[in-house]
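One structure below.
Taken together, the values in this text are just the output of simple stated rules run on the coordinates, not laboratory data. Note that the structure is predicted; figures quoted are calculated from it, not measured. Note: ideal-geometry Cβ built from the backbone for every residue, glycine included; neighbour counts use all protein chains shown.
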Amino acid sequence: MTRPRIIAGNWKCNGTISNIKTLLTTLNSCGPIPSDVSVIICPTFLHISLVQSSLRNDILIGSQNVGVNSKVGPYTGEICVTQLKDMDVQWSIIGHSERRRMGESHETCARKAKVAIDADIKIMFAIGETQQDRKDNNTMTVIQNQLDPLIRVLSANDWKKVVLAYEPVWAIGTGLTATPELAQETHKKIRDYIKETVGENISQQLCIQYGGSMNGANARDLLNQDDIDGGLVGGASLKSDFWKIVDSAVNYN
């Protein structure tokens, strides 16, 4: 079954007006995006308008988070989904380990996901284990605990707007990367868990990205795995190397 192929760049808390303009010039000069691949850039909230004003129109814009509030109002410091829709933001990252580490619970991440989906914003829902979890053979226990609140709040139709991003915490920004075989093993287990809890049809159509020091050198080997459907890319998305990852998504599976 052909699944969506999605490469997303998470710029995290990086960028100034000057170096973002340089990066946009680089992205705009890159080659065409294959017809079966979607590319998404997630800048900081401060830079969304700048990116929208200058970025080629075949690259989609996403946010790095959403507020749990579904309407505007007295929520100091939050970003409401209706405001993101007003800015034509089509995607959002939810549940990144860096947000969870700051105190966002599994239940909060699930609530944010539902709020975003109800506002017709598609989500990349991040899950993953720490190095200690992996050593203790608790990887799937951790991932299931992260997924279960999401599974409880979503309808079958909601899953059409969901991408899962498996990001082993020990490989985020460390230069360490799961081997293609190890990443595939975990992706398969995640897909099997969705099949068990949500249904086979949804599990087979679900895009599951890999994140965790993906770069131009290792992307093709990762994307050649049967259950790895794309990438949620951190550091490499701030460099021209990002387009090597996009090109690597063309012929796999």
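Considering every residue within segment 97-109, establish whether at least one is within 14 Å of the chain's Cα centre (by Cα), over 13 Å from Val68 (Cα atoms) and buried (at least 24 other Cβ atoms within 10 Å of the Cβ).
No, segment 97-109 has no match at all.
Condition first: in a helix (DSSP H, G or I), of a type in the set (S, T, N, Q) and either crowded, with 18+ Cβ neighbours inside 10 Å or touching a residue at least 60 places away in the same chain (Cβ under 8 Å) (or both). Now tell me which residues in segment 195-225 satisfy that.
Scanning segment 195-225 gives Ser203, Gln204, Gln205.
Of the numbered conditions (1) surrounded by fewer than 19 Cβ atoms within 10 Å (Cβ to Cβ); (2) out of contact with any Lys or Arg (no Cβ under 6 Å at 6 or more places or on another chain), Trp159 satisfies every one except a single condition; which is it?
Unmet for Trp159, out of (1) surrounded by fewer than 19 Cβ atoms within 10 Å (Cβ to Cβ); (2) out of contact with any Lys or Arg (no Cβ under 6 Å at 6 or more places or on another chain): (1).
When the residues of segment 174-211 are filtered to those that are more than 18 Å from the chain's Cα centre (by Cα) and of a type in the set (Gly, Ala, Ser), which remaining residue is farthest from Thr2 (Cα to Cα)?
Per the stated criteria, the residue is Gly175.
Touching a residue at least 60 places away in the same chain (Cβ under 8 Å), among the small types (Gly, Ala, Ser), outside any helix (DSSP H, G or I) and buried (at least 16 other Cβ atoms within 10 Å of the Cβ), is that true of Gly67?
no
Hey, could you check segment 101-132 for residues that are without any contact (Cβ under 8 Å) to a residue 24 or more places away in the chain and assigned to a helix (DSSP H, G or I) and say which is farthest from Asp58 (Cα to Cα)?
Gln132
For Asp192, are the conditions met, namely being charged (D, E, K, R) and crowded, with 19+ Cβ neighbours inside 10 Å?
So Asp192 fails the test.
Kindly indicate which of Val250, Val246 is in contact (Cβ under 8 Å) with a residue 40 or more places away in the chain, in contact with a strand residue (DSSP E or B) (Cβ under 7 Å, 6 or more places away or on another chain) and exposed (fewer than 15 other Cβ atoms within 10 Å of the Cβ).
Checking each option against the conditions leaves just Val250.
State which residue is surrounded by the most Cβ atoms within 10 Å (Cβ to Cβ) when the search covers only segment 2-41 and only residues that are among the hydrophobic types (A, V, I, L, M, F, W, C) and part of a strand (DSSP E or B).
Ile7
Across segment 148-173, which residue is farthest from the chain's Cα centre (by Cα) among those that are assigned to a helix (DSSP H, G or I) and among the aromatic types (Phe, Trp, Tyr)?
This residue is Trp170.
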